[in-house]
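Asks: Sharing a structure, written as structure tokens. Questions coming.
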Amino acid sequence: MNASASGADRLTFSVFADLHYKEAMYASSVADLEQILDRAHDAQAEFVIHCGDFCNHYAGSPELTNAYLHNRYGLPVYGLYGNHELETAENSMQVVTPLLTNRDVVWGTADGKIGDGSIGYYYFDHNSFRIVCVDTNYSLSPDGVWEHNRQGSFGPPAENSRGGSLNPTQLAWLEDVLTDAAHKGLCCMVFAHESFSTHWTASADRDAVRALYRKVNAIRPHTVLLSVNGHLHSNHWAIEDDVLFFDVNTVRNGYWMLTGGQHHYLPGQTYMLTKYDDAGKEIETTEIEVRKIWQSPNTWFFNDPLNAIFTVSTDGEVTIDGMKTSWMFGIGPGEDKEAGGYVPEISSLHVKLS
């Protein structure tokens, strides 16, 4: 961390979202993650954070989790629960939660320790900043019980309501964490899989969280500077109540839609697929047709892995160095989808929050 021209403390870090790694399921790869880490290192980022849906099969992807947690630069890395983290049956919270970060954090448990992994939200302090990672994977059962998305699923049980929530316990925890930061003079950034913005699809707890932001910013301005989400595989940003809301685009899976098996990629259009053994050791890299990737009929891919470098100052100055790429083989989902923000880009911007 260093100081800006105004004397305010400044922090630079890397953010990405929705890598959706699982061997041969999508076009995303360990090499994509390595490129993200390379850029973070080159930018002198102090840490890297992902906004969920990092991996569709944590228990079966040691090549990915090792590359992240034990990265060659020794970078602190953090992550949070998306709705696909528990998708494969072997992936319980007890498996996934310890693989979210390679640093000590304060978990949302009574004692702040990781415990059995059943609580997947946490915060950590970095000099003048507090980084808060929440878990938007709770829903309300018909008998009034708040449940986390279950092992072997990628969404709430069909009978439940208010999917994509924090739940009342986590909301109370978030209020305590942010209020404590306000009294300590810390500037907060909140990371979630689902959004809390009013400008695009958002969590069922959007209004409650935004009311909380207003409350703590009334205690001390700039207590909450940023609210960052993934999940939507799209590119948006907005300033609401003097908080910058930022929708981080997917790394590679630019648009997803069930097509009934109809292919948009052509025979002869190929992709380099790396296979690994059960220990995560590389076996071979082979050239295969994109059409053989399991989810290729339903997915339009980007050519390069999107990510962003954020620089944030305690005086409310935010700079985001995004990036642009293109659609794989020039094949996109169509102008109507791109007009809705499904584009091969993460916006770059510079704003000063008042």
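Asks: Residues of the stretch 77-135 being of a type in the set (Asp, Glu) and either modelled with pLDDT under 95 or surrounded by 23 or more Cβ atoms within 10 Å (Cβ to Cβ) (or both), which ones?
Replies: The answer is 85, 87, 90, 135.
Asks: Among residues belonging to the stretch 131-156 that are of a type in the set (Asp, Glu) and assigned to a loop (DSSP other than H, G, I, E, B), point out the one that is farthest from residue 94 (Cα to Cα).
Replies: 143
Asks: Could I ask something else about it? Please report, ordered by residue number, the helices (runs of 4 or more DSSP H) entirely within the stretch 20-121 with at least 2 residues that are more than 26 Å from residue 303 (Cβ to Cβ). I'd like the intermediate steps shown before the answer.
Replies: Working: elements: 30-42, 62-69, 93-96.
Result: 62-69, 93-96.
Asks: Can you pull out every residue in the stretch 101-115 that is hydroxyl-bearing (Ser, Thr, Tyr) and either more than 15 Å from residue 81 (Cα to Cα) or more than 19 Å from the chain's Cα centre (by Cα) (or both)?
Replies: Taking the stretch 101-115 as the starting set, the residues that turn out to be hydroxyl-bearing (Ser, Thr, Tyr) are 101, 109.
Of everything in the stretch 101-115, just one residue is hydroxyl-bearing (Ser, Thr, Tyr) and either more than 15 Å from residue 81 (Cα to Cα) or more than 19 Å from the chain's Cα centre (by Cα) (or both), namely 109.
Asks: I would also like to ask the following. From (1) within 23 Å of residue 346 (Cβ to Cβ); (2) surrounded by fewer than 19 Cβ atoms within 10 Å (Cβ to Cβ), pick out the condition that doesn't hold for residue 268.
Replies: Against the list (1) within 23 Å of residue 346 (Cβ to Cβ); (2) surrounded by fewer than 19 Cβ atoms within 10 Å (Cβ to Cβ), residue 268 comes up short only on (1).
Asks: Still on this structure, please answer the following. So which pairs qualify, if the first residue must be in the stretch 248-277 and at negative phi and of a type in the set (S, T, N, Q), the second must be surrounded by fewer than 20 Cβ atoms within 10 Å (Cβ to Cβ) and assigned to a strand (DSSP E or B), the Cβ gap must be under 7 Å, and the two must be at least 6 apart or on different chains?
Replies: 249/345; 269/289; 270/287; 270/288; 270/289; 274/282; 274/285
Asks: Which numbered condition in (1) within 17 Å of the chain's Cα centre (by Cα); (2) at pLDDT 95 or above is the only one that residue 42 fails?
Replies: Condition (1) is where residue 42 drops out.
Asks: State which residue is nearest to the chain's Cα centre (by Cα) when the search covers only the stretch 199-218 and only residues that are modelled with pLDDT of 95 or more and not in a helix (DSSP H, G or I).
Replies: That would be 203.
Asks: Restricting the first residue to the stretch 85-112 and requiring it to be free of Cβ contacts under 8 Å to residues at least 12 places away in the same chain, which pairs with a second residue that is hydrophobic (A, V, I, L, M, F, W, C) and surrounded by 15 or more Cβ atoms within 10 Å (Cβ to Cβ) meet a Cβ separation below 6 Å and a spacing of at least six or different chains?
Replies: Short answer, once both residue conditions are applied: 109/119; 112/106.
Asks: Please determine, by comparing only the residues of the stretch 210-226 that are over 14 Å from residue 352 (Cα atoms) and out of contact with any helix residue (DSSP H, G or I) (no Cβ under 7 Å at 6 or more places or on another chain), which one is surrounded by the fewest Cβ atoms within 10 Å (Cβ to Cβ). Step through it out loud before you land on a result.
Replies: At the first step, the residues of the stretch 210-226 found to be over 14 Å from residue 352 (Cα atoms) are 210-220, 223.
So of that shortlist, the ones also out of contact with any helix residue (DSSP H, G or I) (no Cβ under 7 Å at 6 or more places or on another chain) come out as 210-211, 213-215, 217-218.
Working: 210: 20, 211: 12, 213: 23, 214: 14, 215: 15, 217: 20, 218: 10.
This residue is 218.
Asks: Would you confirm, using the coordinates I've provided, whether residue 125 is acidic (Asp, Glu) and not in a strand (DSSP E or B)?
Replies: Values: acidic (Asp, Glu): yes; not in a strand (DSSP E or B): no.
So residue 125 fails the test.
Asks: Would you say residue 279 is surrounded by fewer than 13 Cβ atoms within 10 Å (Cβ to Cβ) and under 23 Å from the mean Cα position of the chain (by Cα)?
Replies: no
Asks: Another question about this same structure. Of the residues 161, 197, 153, which is of a type in the set (S, T, N, Q), over 21 Å from residue 122 (Cβ atoms), surrounded by 14 or more Cβ atoms within 10 Å (Cβ to Cβ) and without any contact (Cβ under 8 Å) to a residue 60 or more places away in the chain?
Replies: On the way: 161 fails: surrounded by 14 or more Cβ atoms within 10 Å (Cβ to Cβ); 153 fails: without any contact (Cβ under 8 Å) to a residue 60 or more places away in the chain.
Sole residue among the options that is of a type in the set (S, T, N, Q), over 21 Å from residue 122 (Cβ atoms), surrounded by 14 or more Cβ atoms within 10 Å (Cβ to Cβ) and without any contact (Cβ under 8 Å) to a residue 60 or more places away in the chain: 197.
Asks: Here are some conditions: (1) more than 18 Å from residue 96 (Cβ to Cβ); (2) surrounded by 23 or more Cβ atoms within 10 Å (Cβ to Cβ). Residue 52 meets all but one. Which one does it not meet?
Replies: Answer for residue 52: the failing condition is (1).
The values are calculated or read from the model by the stated rules, or taken from the named source; none is laboratory data. Fair warning: this is a prediction, and the values are worked out from it, not measured in the lab. All Cβ positions, glycine included, derive from the backbone under ideal geometry; neighbour counts span all protein chains shown.
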